[in-house]
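Let me begin by presenting the structure, written as structure tokens, before commenting on it.
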Amino acid sequence: MDKLIFLLRRLGHGLATLLLIAVMNFLLIHAAPGDPATVLAGESGAADEQFLQQLRERFDLDRPLPQQLAGYLGRLLQGDLGDSYRQQQPVIDLIVERLPATLLLTSSAFALSLLFGVTLGVWASRHAGRWQDSAISTLALLFYATPLFWVALLAVLVFSVWLPWLPGFGYETVGAGFTGWARALDIARHLVLPTLVLALFYMAVYARMTRASMLEIVHQDFVKTARAKGVPEGRILRAHVLRNALLPVITLAGMQAGAMVGGAVLIETVFAWPGIGRLLFEALAQRDYALLLGTFLVTASIAVLFNLLTDVVYTLVDPRIELS
């Protein structure tokens, strides 16, 4: 019962946070210079004042800002994210169309970075001061400090141009007509490079944090007591050291999992991956306010959801922690 009350309370906090984010995003976007009606009229080749006024009336841009905000929040409460100025389609349809590709990319990168980051961090801590520790720490620092766009371009140059092993761009082979497992394999081949590049940065972060946390926990009194009682070293590592060392890693991973969805803009743009990050970049370039607000709200919702899941995972890793 306490867990249910806790989850409902956190869900209420999450909804209040999303409402605040929606208001802030609306005000910040409308405070930016530029008129979307002018952009649309310029693209259609009819930039006279009458046509501009028709566009502003059509998209409610001629109303005072408080009325626009009230209308936007009213539509949100009804589950309506509005229509895209540029693509003339409901925003929710455009996001639903692109979101699976982003979730596939970010979930693959997140799982890969967490798995290998924690493994490398544990290995480095077990060999602290030796060449294995130095090699892992150097690679982690290299991947952490190197800009992702440079790594992405280098990966395309090496593995798609010089060594034509993997496709460098797109979600699947255009016009191939694959179905079933053949299509899944084709998508998986296109997924390899963007996943690896996106995972490298987070893998370095998790490796460094796991190593530091392990080295801190291994010198605690309760670990020394377990050794004095003759508990096998493997059990001490799993049950006492790793379980406690993972808590700060889980905290960071929970925050980064949601941020990774919105932060995949660069990777999706470089690899021409048809996800929500690329959709956000296109909306920004086209001053598509409705689409921008929709993508911001969806990525914020995912971040809030992962934050809630992180609290639940705490209790699974360490049962001493109570949700209440």
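The values are calculated or read from the model by the stated rules, or taken from the named source; none is laboratory data. Here the structure is a predicted model, which means the values were calculated and not measured. Cβ atoms come from the backbone with ideal geometry, glycine included; neighbour counts cover every protein chain shown. The accessibility values were calculated without ligands, DNA or RNA, using every heavy atom of the protein model including side chains. Shrake-Rupley method; radii C 1.70, N 1.55, O 1.52, S 1.80 Å.
Compute, for the chain, the length of the dipole vector about the Cα centre, with Cβ point charges of +1 (Lys, Arg) and -1 (Asp, Glu) only. Units Debye, rounded to 20.
It comes to approximately 1680 debye.
Name the residue, out of 194, 164, 90, whose mean-square fluctuation peaks in a Gaussian network model built on the chain with Cα pairs under 10 Å.
Between 194, 164, 90, it is 164 that shows the largest mean-square fluctuation.
What percentage of the solvent-accessible surface of segment 174-324, computed with a 1.4 Å probe over protein heavy atoms, is contributed by carbon and sulfur atoms?
Roughly 65 percent of what the probe reaches on segment 174-324 is carbon or sulfur.
Can you compute the FRET efficiency between residue 67 and residue 251 using 1/(1 + (r/R0)^6), with r the Cβ-Cβ distance and R0 = 41 Å? Round to the nearest 0.05.
The calculated FRET efficiency here is 0.50.
Solvent-accessible area of residue 216, probe 1.4 Å, all protein chains present, reported in Å² to the nearest ten, please.
120 Å²
Zone of residue 312 (label point 7 Å along Cα→Cβ, backbone N under 18 Å): which residues in segment 218-261?
250-259
Solvent-accessible area per residue for the chain at a 1.4 Å probe radius, Å²?
Values: 17650 Å² over 324 residues.
Result: 54 Å² of accessible area for each residue.
What FRET efficiency, computed as 1/(1 + (r/R0)^6) with R0 = 35 Å and r the Cβ-Cβ distance, is obtained for residue 24 and residue 115, rounded to the nearest 0.05?
Once the sixth-power term is evaluated, E becomes 0.50.
Output the DSSP H helices from the chain with an along-axis C-alpha extent of no less than 20 Å and a mean Kyte-Doolittle hydropathy no less than -1.0. The partial results should precede the final answer.
Values: long enough: 2-31 (43 Å, 1.36); 91-126 (50 Å, 1.34); 131-145 (21 Å, 0.84); 180-217 (49 Å, 0.88); 243-263 (30 Å, 0.95); 289-317 (42 Å, 1.84).
Span-like helices, by this rule, are 2-31, 91-126, 131-145, 180-217, 243-263, 289-317.
Once amide H atoms are placed 1.01 Å from N in the peptide plane, what residues at a sequence separation of 5 or more from residue 83, or on another chain, have their amide H within under 5 Å of its amide H?
91
Which peptide among 281-289, 13-21 comes first, and what is the full order, when sorted by highest mean count of other Cβ atoms within 10 Å?
Ranking the peptides 281-289, 13-21 by packing returns 281-289, 13-21.
Per 0.36 nm of contour for each residue apart, how much would the distance between residue 163 and residue 239 grow if the chain were fully extended, relative to their Cα-Cα spacing?
22.9 nm
To the nearest 10 square angstrom, what accessible area does residue 246 show with a 1.4 Å probe?
40 Å²
Kindly state, to the nearest 0.05, the FRET efficiency for residue 216 paired with residue 174, given R0 = 41 Å and r defined as their beta-carbon distance.
Numbers: r = 51 Å, r/R0 = 1.24.
Once the sixth-power term is evaluated, E becomes 0.20.
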